[in-house]
Each structure stands twice: as C-alpha cells, then as structure tokens.
1. Which count do you get for residues in segment A:29-58 that are more than 11 Å from DNA strand D (Cβ to nearest atom) and either assigned to a loop (DSSP other than H, G, I, E, B) or touching a strand residue (DSSP E or B) at 6+ places or on another chain (Cβ under 8 Å) (or both)?
2. I'd like to know if segment B:116-137 contains one or more residues that are at the interface with chain A (Cβ under 7 Å from one of its Cβ atoms) and under 12 Å from the mean Cα position of the chain (by Cα).
3. When you go through B:Val63, B:Val48, B:Val29 one by one, which is the residue that is surrounded by 15 or more Cβ atoms within 10 Å (Cβ to Cβ) and at pLDDT 95 or above?
4. Out of B:Thr44, B:Thr82, report the one residue that is without any contact (Cβ under 8 Å) to a residue 12 or more places away in the chain and more than 9 Å from DNA strand C (Cβ to nearest atom).
5. Looking for whichever is in contact (Cβ under 8 Å) with a residue 40 or more places away in the chain and not in a helix (DSSP H, G or I) here; the options are A:Pro138, A:Pro76. Which one fits?
6. For the condition touching a residue at least 24 places away in the same chain (Cβ under 8 Å), surrounded by fewer than 19 Cβ atoms within 10 Å (Cβ to Cβ) and in a helix (DSSP H, G or I), what is the one hit in B:Arg125, B:Arg130?
7. Take the residues in segment B:8-24 that are surrounded by 19 or more Cβ atoms within 10 Å (Cβ to Cβ) and touching a residue at least 60 places away in the same chain (Cβ under 8 Å); name whichever of them is farthest from DNA strand C (Cβ to nearest atom).
8. Got at least one residue in segment B:83-101 being away from DNA strand D (no atom under 16 Å from the Cβ), within 14 Å of chain A (Cβ to nearest Cβ), part of a helix (DSSP H, G or I) and in contact with a His (Cβ under 7 Å, 6 or more places away or on another chain)?
Protein chains: 2
Amino acid sequence: MAGQGGRRAGAARERLLAAALTLFARQGVSGTSLQMIADELGVTKAAVYHQFQSKDDIVLAVVGPAIDGLAGVIGPAEAQTTGARRRAVALRGLVDLIVRNRRLAAILYADPVVVDLVRTDPALRAYGERMKALLAGPEPDVATKVAVSVLGGGLAGAAVDPLLAGVDDATLHEHLLATGRRILRVRPGSGPHSAGCSAAVAIR
Amino acid sequence: MAGQGGRRAGAARERLLAAALTLFARQGVSGTSLQMIADELGVTKAAVYHQFQSKDDIVLAVVGPAIDGLAGVIGPAEAQTTGARRRAVALRGLVDLIVRNRRLAAILYADPVVVDLVRTDPALRAYGERMKALLAGPEPDVATKVAVSVLGGGLAGAAVDPLLAGVDDATLHEHLLATGRRILRVRPGSGPHSAGCSAAVAIR
DNA sequence: GTCTATACGCTGATAGAC
DNA sequence: GTCTATCAGCGTATAGAC
C-alpha cells in the first residue's frame, strides 16, 4: 500500500525530492522549472530528467507520502461501525494530516497542475472519493454535499493562508477541528476516544 | 471606482476578453497560452500583445468586474452600524458574488498565478483585507481568524467543485450561506432585512 | 547508475514594418 | 491594428560518456 509512487531509492533521488519539495513550497509547482531544481543540486537539467520521466513524476513522488497518509486515515475510518463514527474519525484524521503537512497541503491545493494530476490519477482519485464518502455518508442531500465541499476547500485554504503561518500546530488543529465540526454539524462528543489513525508522515 | 483595469473599449479588445474568459475557465490561466487566445480570434500572438502589455494584464482585465463587485459588497457592509450587521451583510454579499460568478471564482481561486497577481496588486490586496476585517471584526482571536480563513477557502472551493456544478444558483446560495453562518457562528436572524449590496456583475 | 551534450517545439515578450 | 521576425527560457527527449 505504501510507496505506490515508485521507490528505487538512491541518494541522488532523495536529494532531488527534498530540493523539489522546498522549491515547490516556496514558489509553486508551475513556478518551479526543472532548471531550478537542477541548479539547486548543482547538476544539469538532463540529470534530473534521467531520474524521473517527467515533471509530473517528480510531483507525484513528492506528494506520495501524503497520499499514504490519507490512506492511513481512510482505512481506520471505514472500519468504524456507525456513520457518525466514520465521519468523526475521518474528520479528525484529515485535520491531523493537513496540519502536519501544511507545506505539502499548499502544494497539493494551490496549484491547478497538481490538482489536475491528482484528479487524473485513478488511484489518487479513488482516495479522494472514499474520503468524501466517509464525510458525507451514503446518498447525501445537497446541503451535506455543499458542506463537505466547503470543508475540503476550507481546510486546505486555512493550511495555505499566510496569515495563519504563525499559529502552532496544536492550536491550528484544535480550531480547525472545531470549525470542521460546525461545518458538518458533528457534535464534539462523536466518535471513539482518540482514534488510532494517520500514519504520521510529517514531511520535512 | 469601476473599471480600474483600464477601459479603452474597442471591439477587438472586448472580443479578446470574452475569448480569454472562456479559455481560462476551461483550462486555467496557466493552461492557456497567448497563442491559443490568438488562434481563437484568428490573429497572431503579437496582435494580442498590442492590446495588452502582458498576460497578467489580460488576467487583471478579465477579473476586473468581479473586483468591482467585491467593492460593491464592501461599501454597504462597512456602512452598517454594528459589528454583527457588518459581518452578516459582508457574508451574504460575498456568497452572492461568488455564486453569481462561479466560473470566474474558479479562475481567481484555482490558479496560483492569479492568486499571486491579486496578492501583489496593492488595490486588490486592500479589498481582500477589508473583506477579512469585516468578517473577523476588530482584533479577532485565533479561532475567528481560522474560521474566516476556512470560510474563504471553503466558499471558493465549493464554487469550483465539479460535483456541485449541477446545483442551481439559488440552492447553492442558500446552502453556502447556511454553511458560512455556521463557520462564523452567526445566527440566521442577524443583519437587516435583505441588504442592498453587490452590483450584479454576472459575467457571461 | 549517474551524468553531459545537444536538440525540438513551445512559451511569454519585444522591435519595427505596413 | 495587425503583421513578420526574433529572443531567451521552458518542458521534453535522445544519444552517449564514465
């Protein structure tokens, strides 16, 4: 389940991914050329192109761990016995994941190239649908569909917002969870104890 | 106040803007080259460059009417006498504006190039800050700042979401307003009667 | 396995002729 | 207003050196 993005290891490959993440976070995917990544590593463009078949490949590899994290949230959430619990566990796990990967959230969210990539990839697309299904429940009415849509955009937006960059993770997590519950009309008590979810995946 | 994006009129200019909006909405700003716009009009790239100094100029001109619409919301909202009313009027006006300009919202929102452009332009930036100030009130606590941030991303996200493309404007408006009130913890009764705001600006 | 050299077609942008 | 011509830079791609 882990590492569907290809994992041939190699030191150069890891260095490249680290540099790419830094540059992507700073100036977006579209705003980062292969030349910039190459310059950052002190090699030529072709050297970069040798390890990844395309720029999209690099993006997918950078984003991979977060996708694994999403899978780590979805699994336990789907195992819950009631719809309310599934919703509560999914929400908490999603907030958790986003807070822990704010920089990555900005990349995933703010760039249409990446959004398109994620929407195109069948496996990634399936994760998104399962997450939405968990949050919305079966056969949701329009109000619920709107709420889930707002939640998705809202969580991502908050993670990206430079005005919230100074807020520490714990505080952001608390308020994001509270806001999310208001959006979905979930009572704070719902869901089991602490819920064992989200396989860490703190990127950088 | 209207038309700060430059309004030399001219039939060719208007045709160009219409073509640009269509292409931007369909494939994003970054995904639309000047060549595509030129081809759509049956002219060369250089002809496009004669009317606009840069691609950014075109984007700003396309987005201009929506900015005017935002100004039309902010003014009346700031004229309200209490913080609660200012918040209520601003929220309703913002939802109104976004629902009426869904296609444009997708352009404004989903592309980091445009987001950057808007964030860079001092006048546009000021509108955004005034809107946030209206929604958050003076000296907001962290919870409120998070809520406003989530609201912004959420409204935009819902406007863009292809899953909600089939929902008609009135229904979307209703549920978006309800969700927004839950996010900001505004009671449905707040704010005066209907509130005269938002200068139409239905693009296309 | 890791890299360089080289090239293709495209982009946004500029200068100047008609 | 529109054209042709030209520019550096981009993502992409192949061939081949070590």
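1. Of the residues in that region, 2 qualify.
2. Scanning segment B:116-137 turns up no residue that is at the interface with chain A (Cβ under 7 Å from one of its Cβ atoms) and under 12 Å from the mean Cα position of the chain (by Cα).
3. Step by step, each of B:Val63, B:Val48, B:Val29 is checked, and only B:Val48 is surrounded by 15 or more Cβ atoms within 10 Å (Cβ to Cβ) and at pLDDT 95 or above.
4. Of B:Thr44, B:Thr82, the one residue that is without any contact (Cβ under 8 Å) to a residue 12 or more places away in the chain and more than 9 Å from DNA strand C (Cβ to nearest atom) is B:Thr82.
5. Values: A:Pro76 fails: not in a helix (DSSP H, G or I).
The unique qualifying residue is A:Pro138.
6. B:Arg130
7. B:Leu21
8. Among the residues of segment B:83-101, at least one is away from DNA strand D (no atom under 16 Å from the Cβ), within 14 Å of chain A (Cβ to nearest Cβ), part of a helix (DSSP H, G or I) and in contact with a His (Cβ under 7 Å, 6 or more places away or on another chain), which makes the answer yes.
The values are calculated or read from the model by the stated rules, or taken from the named source; none is laboratory data. Note that the coordinates shown come from a computational prediction; the quantities given were computed from them, not determined experimentally. Cβ coordinates were reconstructed from backbone atoms using ideal geometry, including for glycine residues, and neighbour counts include every protein chain displayed.
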